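What follows draws every value from the coordinates through simple rules; no lab data is involved. No experiment lies behind these values; they were computed from the predicted model shown. Here the Cβ is made from the backbone with ideal geometry for all residues, glycine too, and neighbour counts use every protein chain on show.
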Amino acid sequence: MQMEHPKPHAIVIPYPYQGHVTPMINLAIRLASRGFTITFVQTEFIHQFMCKAQNLPAASFDLFAEARKSDLDIRYTTISDGFPLDFDRDLNFNEYWESMFRDFPDRVDEIVVKTMEADVLPETPPFLLVADTFYTWPATIAKKHNMVNVSFWTEPAIVFSLNYHLELLRQNGFSDKTQHGNAENYINYIPGIQSISTRDLMTYLQDPEAIPMLIKIVEKGFEQVKKADFILCNTVEELELETLSALNQKHPTYAIGPINFYTDLTKTSIAKSLWSESDCTQWLNSKPSGSVLYVSFGSIAESNKEEIGELAHGLLISEVYFVWVLRPDIIGGQESDVLPEGFKDVIKNKGLIVPWCNQNMVLSSPATGGFLTHCGWNSILESIWYGVPMICYPFLVDQPTNRKLVVDDWKIGVDLCEGEQVRREEVANQIDILMKGENSVQMKQKIQKVSKKLHDSMDAEGSSCTNFDRFVVDLKAKFC
Ligand code: UDP
């Protein structure tokens, strides 16, 4: 009698932030649609957020219930991050990250053991551990349990490469302020990166002492990634060819992005937002084509009242239509009144202000003609996908580096007060450049070309799809 070949089983663990959870969910579905059994492990804290966003009771919420209707074998479980649910993880981020660094691996270890014990034939025990590159333990835990480790990088290859070459940067004194102070220097010794200004480095490299915990996490995470069996990167070969080629010489790196846009994902509707989404459709439908500026700073960036005030006045001066996502915690805490006095009365039908929205829906609307963005990597990929040029206003972590790609390398966006205090006149001016006149036409044409590269990469014969196929073949070869 011939034995039915068992399905490969993967434990998949996203990093507990919106910009990491969404691509990991999509990767899990992608793997499940290729015949993998998935155990998706979400922190209880993020689970609660998703339930609240869906207005569903936490006890019965199952992120992948819809996916299972399409015969995908995805199990869903939660894990404690070690803190009570009402602990403010943003305010106490040092304590939170320290514990994620120190204590979380033991919890993951427990769940791996539990998943292994719970598994019965004809399935095999999980042989694959898929985890975010920012985690500081995946290769160690995978090795302990004789599993294959896949490291998933949710940011561009250039950021990966800079982190990968941290030691080389150190040797060249990048973090030595006594050597270069705040002056601009160019780094041209990283393989696959022709030249990058120190001002375009990730904020945790520009100023390692600002949040020492962050650089510690990156350091440890990249020690682990060097021991990973596979690295997947949510980018596109045609966008970052040189960087990826250089990385590939060190470590097999598969560019499989933009993972959030695999077409067969549309068959399963999974609510991935951590906050409930305001519907902007009707409002957008009432506006002329290309007339609306979408303004959003993602899920983590924090601003202040003065900055919000300048942006608000800039929008008024430009007279553009706008959708503005102002998270309730945009200036930290829960201050409700962050806009200048009377602003909402003045804008009338000119602007729609929401706490959170379905960003893909807004960007895909014909009315949307520009995106004032914090340069989160998901936001950039989404903006390119829908052909919406950007005004770049980076805040932290990888965002300044992502800005360089958009403005300096691909020329599909403009800067806003780079490195300077934002001013209302400049806001209005950049909106005009992006959305009106000759410049805006050229920018639109350019982004459409880049957008085509993204769409092409997702075709069956495109680079991201074939890279994913190659990855699955290479992976299954380890399994069989
Ligand atoms: N997003 C959304 N609604 C909003 C704002 C953001 O759905 O109102 C989504 C956006 O589509 C993206 C993610 O949140 O997928 C933000 O990720 P990104 O990498 O851009 O930034 P981060 O939040 O990690 O800084």
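In this simple spin-label model, placing a label point 7 Å from the Cα along the Cα-to-Cβ direction at both N188 and A460 gives a separation of 4.6 nm. Taking the DSSP beta bridges with both ends in the chain, the antiparallel portion is around 5 percent. Taking the Cα centre of the stretch 342-480 as reference, the dipole from Cβ charges on Lys and Arg (+1) and Asp and Glu (-1) amounts to some 260 debye. Projecting label points 7 angstrom from Cα along Cα→Cβ for K411 and N172 puts them 2.5 nm apart.
A simple spin-label model places the labels of E223 and E98 1.9 nm from each other, with each point 7 Å out along Cα-to-Cβ. On the beta carbon distance between D106 and D86, with R0 = 25 Å, the FRET formula returns roughly 0.65. Of Q421, W377, P8, whose Cα points farthest to the positive end of the dipole of the chain (charges on the beta-carbon: +1 Lys, Arg; -1 Asp, Glu; origin at the Cα centre)? Value: P8. Net charge of the neighbourhood of N260, taken over other residues with C-beta under 11 Å away and scored Lys/Arg +1, Asp/Glu -1, is +1. Given their separation in residues at 0.36 nm each and the Cα-Cα distance between them, E341 and N146 gain 64.2 nm when the chain is fully extended. Computed on the stretch 310-352, with alpha-carbon pairs under 8 angstrom and 6+ residues apart, the relative contact order is 53 percent.
Using 1/(1 + (r/R0)^6) with R0 = 51 angstrom and r between the beta carbons of A477 and N304, what's the FRET efficiency to the nearest 0.05? Calculated value: 0.45.
Taking the stretch 343-374 and a reference point 7 angstrom along Cα→Cβ of A271, the backbone N atoms nearer than 15 Å belong to 356-359. Here the contact order of the stretch 352-453, divided by its residue count and restricted to Cα pairs under 8 Å and six or more residues apart, works out to 26 percent. Farthest towards the positive end of the charge dipole of the stretch 31-112, among the residues F61, L85, L31, is the Cα of L31, using unit charges on the Cβ of Lys, Arg, Asp and Glu. Placing unit charges on the Cβ atoms of the charged side chains and taking the dipole of the chain about its Cα centre, the candidate lying farthest along the positive direction among P366, V323, I46 is P366.
Of K220/K250; K220/K478; K350/K446; K143/K478; K287/K446; K227/K476, which ones are farther than 21 Å apart at the Cα? Checking Cα-Cα distances, K220/K478; K350/K446; K287/K446 exceed 21 Å.
Relative protection proxy for 84-91, 447-454, from highest mean packing down: 447-454, 84-91 (other beta-carbon atoms within 10 angstrom). Assuming charge only on the beta carbon of Lys and Arg (+1) and of Asp and Glu (-1), the dipole of the chain about its Cα centre is about 1040 debye to the nearest 20.
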